[in-house]
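Okay, structure first, notes after.
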Amino acid sequence: MYAYFGNVGIFALDMAGEVVWEQRFDPAVTRLGWGPAASPVLHDDTLFIVNDNDNQSFVVALDAATGTERWRVDRNEGTNWSTPFVWQHDARTELVTAGSDQVRSYDLDGNELWRFSGLNTISIPQPFSANGLLYVTSGYVGDAVRPVFA
């Protein structure tokens, strides 16, 4: 089981509740002090975490069994709360991340594949796919514009 506590870090526990490994993160400022809220995503033997904050945002890939960092990519993002999405399609498998004004996709080794702009500055919903399309949206209560892309 994995327990993610945002800027504190992530912890792997066994079924008896004992800590198997932990990966600590540096404290960071978040918008209005709300803290991070994106969930980690497990794909095969890799745990992906997006930590978008107002200091230094990043996406990191950890070995799910040991917590060893496989790669880390800094992101030019402000605080956001969108959980990353592992998008498997005919061409490849990608890690899709929504952020401030833009969506980025990474291969499973952390190399950026593509990006596009047009989102709101607050991104909360997780991207998803259906019927061969990738769907991404952003926005918050009171936002005049809440774009949806497919």
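Just checking, how many residues over region 6-57 are surrounded by 13 or more Cβ atoms within 10 Å (Cβ to Cβ), within 21 Å of Gln126 (Cα to Cα) and of a type in the set (Phe, Trp, Tyr)? Count: 1. The residues on offer are Asp107, Asp101, and the sole one that is at pLDDT below 90 and among the acidic types (Asp, Glu) is Asp101.
Quick check: is even one residue across region 98-109 in a strand (DSSP E or B) and of a type in the set (A, V, I, L, M)? Looking through region 98-109, at least one residue is in a strand (DSSP E or B) and of a type in the set (A, V, I, L, M). Pairs linking a residue in region 13-30 that is part of a loop (DSSP other than H, G, I, E, B) to a residue that is exposed (fewer than 10 other Cβ atoms within 10 Å of the Cβ) and of a type outside the set (Val, Ile, Thr), with Cβ atoms under 8 Å and 6 or more positions apart or on different chains, are Asp14/Met1; Met15/Met1.
With the structure loaded, tell me whether Ser82 is assigned to a loop (DSSP other than H, G, I, E, B), buried (at least 17 other Cβ atoms within 10 Å of the Cβ) and either touching a Gly at 6+ places or on another chain (Cβ under 9 Å) or not aromatic (Phe, Trp, Tyr) (or both) or whether it fails that test. Yes, satisfied. Whenever a residue of region 123-150 is more than 12 Å from Trp87 (Cα to Cα) and assigned to a strand (DSSP E or B), its partners that are among the polar types (S, T, N, Q) and modelled with pLDDT of 70 or more, lying with C-beta atoms within less than 7 angstrom and at least six residues away or across chains, give the pairs Val148/Thr137.
Only residues that are among the hydrophobic types (A, V, I, L, M, F, W, C) and more than 17 Å from Phe48 (Cβ to Cβ) were counted in region 115-138, giving 6.
Conditions tested, residue by residue: (1) modelled with pLDDT of 90 or more; (2) surrounded by fewer than 16 Cβ atoms within 10 Å (Cβ to Cβ).
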position	(1), (2)
Asp63	yes, yes
Thr66	yes, yes
Arg115	yes, yes
Asn120	no, no
Asp143	no, yes
Arg146	no, yes
Ala150	no, yes
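Pairs are defined by a Cβ separation below 7 Å, a sequence spacing of at least 6 or placement on different chains, a first member in region 104-116 that is closer than 13 Å to Pro84 by Cβ, and a second member that is modelled with pLDDT of 95 or more and of a type in the set (Gly, Ala, Ser); the pairs so defined are Gly110/Ala61.
The values are calculated or read from the model by the stated rules, or taken from the named source; none is laboratory data. Here the structure is a predicted model, which means the values were calculated and not measured. Reconstructed Cβ throughout: ideal geometry from the backbone, glycine too, with neighbour counts over all protein chains shown.
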